[in-house]
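Participant: The structure that follows is given in the form of structure tokens.
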Amino acid sequence: RLLSKVTAASDKDTKISMVNLIDKHGDQGRLGNSFDAVLTAVMEVYCPDKVSNIGKLTKRKEMEPVIESNSVKHIWYDFHAECKGGRWDKLSSLLDQVTPTLNGQGYFSVVPKPSEDAATDWEVKSVQDGVVRTNCMDCLDRTNVVQSMFGRYILYRQLQERKGMQVDQSGARRRRTLPLEIIIGYRKQPLTLPWLEGEMAHRCLWADNADAISNLYAGTPALKGDFTRTGKRTKRGAMNDGVNSLQRYYLNNFIDADRQEGMDLLVGSTQFNFISSEGDEDSSRAVLLQELSNGRRGYDKNHIRIKKKNNNEKQGD
């Protein structure tokens, strides 16, 4: 659905940039290769030359919207391999790859227009013309670190360009911009804003948002939060990540399935009709869990076996 909106009517800038942060080996590597293969197949079918050939073969006058070959880009950046050993400064290479796309897509900007009336008129100076889609496995920890970097860059651009114009003493309009030393400082260190107050506000805002989403999704604060908050990896942060990972493992294997069971019952995905003939509550729940695990994502059959094992132990006691 997203790719279908990138038609031949668009210009040749990258409209959708898919930044993939999963590993390039193991299960994640196989998943990444499958994603790349599917994307390549879609692009081969809907590129202009391919569509014209399909039209000739099928004798169809109207074809699906054409996707420009350079309007969609897939960037596979192995986060763990690139930043191995605490080399978080290597993230600047990813920013360099995505910067042309961010510049081409722009951002939404609206400024007030001087008006004699009490109500303020607004003028749209620019709009965003694309999206950078970032993902890892859970779209949580690695994604948050990288998106905070992209967000920092766009924030810097907004403050530097300042689409609003101000009137000087002569009555002429001139564009406001940042001091030269700040511009030079950001070019030297693109992973940090060149003034302390702005950088700390950006870090805390992004880290607090990440923790809130992570607590809802995984039950723990976000991993790599020390880097998001301080800009560097610490031993204490690594220890906290270890504790949070263990807690996530426990929640994922013993608690989350029960929560999902309640959500499915609440929204009506599963009916309240799994009652055993004997009226045994444990047996009825086992039947319900078995039904949920059949062909439904998010339910592990190991969880069902654990529930049955616990029920058998209770009966034995």
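The values are calculated or read from the model by the stated rules, or taken from the named source; none is laboratory data. Bear in mind that the values here come from a model prediction, so they are computed numbers and not experimental data. Virtual Cβ from ideal backbone geometry, glycine too; neighbours counted across all protein chains shown. Quick note on the areas: whole protein, heavy atoms, side chains included, nothing else; ligands and nucleic acids left out. Shrake-Rupley method; radii C 1.70, N 1.55, O 1.52, S 1.80 Å.
Participant: Among all residue pairs at least 6 apart or on different chains, which show Cβ distances below 7 Å where the first residue, located in the stretch 83-104, is aromatic (Phe, Trp, Tyr) and the second is assigned to a helix (DSSP H, G or I)?
Facilitator: Here the result reads TRP88/PHE227, each pair linking the stretch 83-104 to a residue that is assigned to a helix (DSSP H, G or I).
Participant: Here's a follow-up. For the stretch 171-246, which fully contained helices (runs of 4 or more DSSP H) count at least 1 residues that are modelled with pLDDT under 90, open to solvent by 80 Å² or more (accessible area, probe 1.4 Å) and farther than 19 Å from ASN144 by Cβ?
Facilitator: Counting at least 1 such residues, we get 180-188, 196-217.
Participant: Please give the number of the condition VAL72 fails out of (1) open to solvent by less than 20 Å² (accessible area, probe 1.4 Å); (2) modelled with pLDDT of 95 or more.
Facilitator: (2)
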